[in-house]
Amino acid sequence: MYLYPLLDSAVWSKASVPAVTRVLAFEPEAGSIAFVDGKNQPSRIDLRLSESRTASKTKLTSLSSANGADIYGVNATGSVLRMNPSGGDWKLDLPSPARAVFAQPNGNLIIAANRGESTVLWRVRPPDKEILDSAVLPLTGRAVRTQVGDRLYFTADSGLVGVKAADLSPVASMSFKSRVRSLATTPSGDRLYVTTATEPEIAVVDRYSGLIETRIPTPAAPSDLRMDPLGRYLLARFPRADSAWVIAIGANRLVGAVATRWAQDLPGITPDGLLALLGERDVRFVRPATLKADRTVKNGARDFWYFFSWDGFRPRAQGLDQPVTFGGDSIPMDSTAASSTPPGIDSAGGAAVPPPSTVPQRAAGFTVSFAAILNEPQARAVASSITVNGARARVVTTNAGGSPVYRVVLGPFNSRLEAENVGRASGRQYWIYEESR
């Protein structure tokens, strides 16, 4: 892994990691990347522990993750499975075999199943198995959720149907002249970009009215769309050659065409707004406004490209893991009690009594965290199964987004090294955070 744009030296490396074919999500708190490996199995890379593990050897489809920790998939019988790095894998059987799962940023899970000529949706909140909401749609195909996770859209023949992720209530449906081929949303979800099988254009749909607000002409009907995570540009795949069109989102304007192969990772938009284009061997960086080359990474096509932001690669100063100490500054004295007696001698001519020292600050503690669970009984069950050197894990309650979260922890310990040793001895996935005691 490299600290972009400095691509000449690695900041993290690990041998014997499975090939990455698709990234599902990244969790910055634990430094965990959930991905699909070369055997189409769910896996994780733990950047803090420099470990890579397969999450499940069961053959699964429709792999999905919203947080980099929980990975969902559908097994051969249509049951939904969840793999969690702290254990406690979860399985849900439904009235009809599941076809696809869509992990949501708020912890919900939306499940789709085909039933005759309809698609049935269910909403659950793992690890609970209660179905909270359900909806019935026309038979649907490909789906995409908004980046903020408030809506989910499905292709349905020559139209789009959508639901609100909070309760699966329907939103305005949209019709087109031919079968919908691909769709993408802006990061905020205010606009949808849609291509069809026959129309040489990209339709821009306003999500609130459900109407096409503008059409972007293209030389042919694009076969796929890819949105810039920051909403600056849209890439449209040319249907018959290794090239793509670049659309400026702000003006809904076709900037031009660029030569690139189309893979799971590239082409893409870098954090600083360059186009990363995939050649046979190299990766070229191009300025999207002018389509002029910026630089080239030789043999970059052999790598898997995934841009994410994390501050864990920065080395910690050694002093950060040491208790804070304070000098022997004396307590300020009232000016009315000032004396001309030389320091070190009391008024009677003897040795002066040193002033009382300030109250020392207590050292920071390091806590080992094994899991963050929304269900208290399950958190206590996980805690009861973790014992290290005679100490049993406990459950502490925190609040996230107005909802209680139950963390399974051990500690605090006096040093990070002690906490690391306890985490390793547990044999479980863990992370360490520092707190004041």
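The values are calculated or read from the model by the stated rules, or taken from the named source; none is laboratory data. Fair warning: this is a prediction, and the values are worked out from it, not measured in the lab. When we count neighbours, we look across all protein chains shown, and the Cβ atoms used for this are built from the backbone with ideal geometry, even at glycine.
Tabulated data
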| read-out | value |
| --- | --- |
| Subset tally (residues that are more than 22 Å from the chain's Cα centre (by Cα) and part of a loop (DSSP other than H, G, I, E, B)) for the stretch 87-103 | 7 |
| Number of the exception - Ser86 against (1) within 26 Å of Asp37 (Cβ to Cβ); (2) of a type in the set (S, T, N, Q); (3) modelled with pLDDT of 95 or more | (3) |
| Selection from the stretch 263-293 of residues that are part of a strand (DSSP E or B) and over 20 Å from Arg232 (Cα atoms) | Val283 |
| Evaluation of Asn106 against (1) in the same structural domain as Ser43 (by TED's automatic domain parsing); (2) assigned to a strand (DSSP E or B) (one fails), failing number | (2) |
| Residues of the stretch 53-79 that turn out to be free of Cβ contacts under 8 Å to residues at least 40 places away in the same chain and part of a loop (DSSP other than H, G, I, E, B), as a count | 11 |
| Where a residue in the stretch 168-185 is assigned to a strand (DSSP E or B) and its partner, wherever it lies, is acidic (Asp, Glu), with Cβ under 7 Å and at least six apart | Ser182/Asp224 |
| Breaking point among (1) among the acidic types (Asp, Glu); (2) surrounded by fewer than 20 Cβ atoms within 10 Å (Cβ to Cβ); (3) within 28 Å of Ala381 (Cβ to Cβ); (4) modelled with pLDDT of 90 or more, for Asp70 | (2) |
| Given (1) at pLDDT 90 or above; (2) touching an Asp or Glu at 6+ places or on another chain (Cβ under 6 Å), number of the condition Ala352 does not satisfy | (1) |
| Contacts under 8 angstrom Cβ, first residue in the stretch 393-420 being within 8 Å of Phe366 (Cβ to Cβ) and modelled with pLDDT of 80 or more, partner surrounded by 14 or more Cβ atoms within 10 Å (Cβ to Cβ) and hydroxyl-bearing (Ser, Thr, Tyr), 6 or more apart | Gly411/Thr367; Pro412/Thr367; Phe413/Thr367; Ala419/Thr367 |
| Tally, over the stretch 31-64, of residues that are under 18 Å from Pro126 (Cβ atoms) and in contact with a Phe, Trp or Tyr (Cβ under 6 Å, 6 or more places away or on another chain) | 1 |
| Unmet criterion (only one of (1) in a loop (DSSP other than H, G, I, E, B); (2) touching a residue at least 24 places away in the same chain (Cβ under 8 Å); (3) among the β-branched types (Val, Ile, Thr)) for Val204 | (1) |
| Any chance Thr296 is of a type in the set (S, T, N, Q), free of Cβ contacts under 8 Å to residues at least 24 places away in the same chain and not in a strand (DSSP E or B) | no |
